[in-house]
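Working notes, structure below.
The values are calculated or read from the model by the stated rules, or taken from the named source; none is laboratory data. Not measured: the values here are computed from a predicted model. Note that we place each Cβ from the backbone using ideal geometry, even for glycine, and neighbour counts take in every protein chain shown. These area figures cover heavy atoms from the full protein model, side chains too; ligands, DNA and RNA do not enter into them. Shrake-Rupley method; radii C 1.70, N 1.55, O 1.52, S 1.80 Å.
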Amino acid sequence: MIFQKKIALACASILTLTSVDACAAQTTMRPTTNYINNLDAVLKNAKNNSNMSVIFPAEVPTSHVKLYASETSRSDFWAIYIDSTADCNGAHFCNVGYIMAQNKGKIEQIYFDMKTHTKIKKQSIMLADGLPAVYTPGHAEGDWHNPSLEWKLDDVAYMLTWQNGVNIKKALVTMANSAMHPGSN
């Protein structure tokens, strides 16, 4: 039991690269309703500050610790952070994942792999309605970057990222589709 709590804490905060491997066995999806503390208030604040639609996944990978929402928003940008501590506010060491949108944003098609010192093309995938997206696996690039999914819709670039886990690419696609089409999963 103590070991499971330590794994859950490590998964929540991604304190070391080895904790990422421990998270892999724990990826199952759960509805966000009543699961992420203060999410409704955070979404409302982002909607009030932004001129763009604010979307959020209807389901996210489960965690054994409480999760907390925070946001940053302005007229042409918003980000909803999901964190393992109430006062994290999206800081890398306690952030579990996030979704962000940038009006007239760009999506890079490559990332740099520190291990091989090469540029690697991101993986093309399709979301619901045939919407093209790109997937980037978790990787080190001066710091650890969680797996991410990026897509563009109506001149708005979106990025969704979450900690590593089993079938994380599938989980990110499910999250993105549930954000764009709530209730469809």
Quiz prompt | Most to least accessible of THR116, THR174 (protein chains only, probe 1.4 Å) | solution = THR116, THR174
Self-check item: Gap separating the Cα centres of segment 138-185 and segment 92-112, nearest whole Å
Solution: 9 Å
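Kindly flag which residue pairs out of LYS106/LYS169; LYS44/LYS66; LYS44/LYS106; LYS44/LYS122 have an alpha-carbon separation exceeding 29 Å in this structure.
On the way: LYS106/LYS169 21 Å; LYS44/LYS66 21 Å; LYS44/LYS106 26 Å; LYS44/LYS122 33 Å.
Over 29 Å apart, Cα to Cα: LYS44/LYS122.
Quick check for me: using +1 on Lys/Arg Cβ and -1 on Asp/Glu Cβ, what's the dipole size of segment 34-81 about its Cα centre, in debye to the nearest 20? List each step's numbers first, then the result.
Numbers: 4 positive and 4 negative charges, 20 e Å.
It works out to roughly 100 debye.
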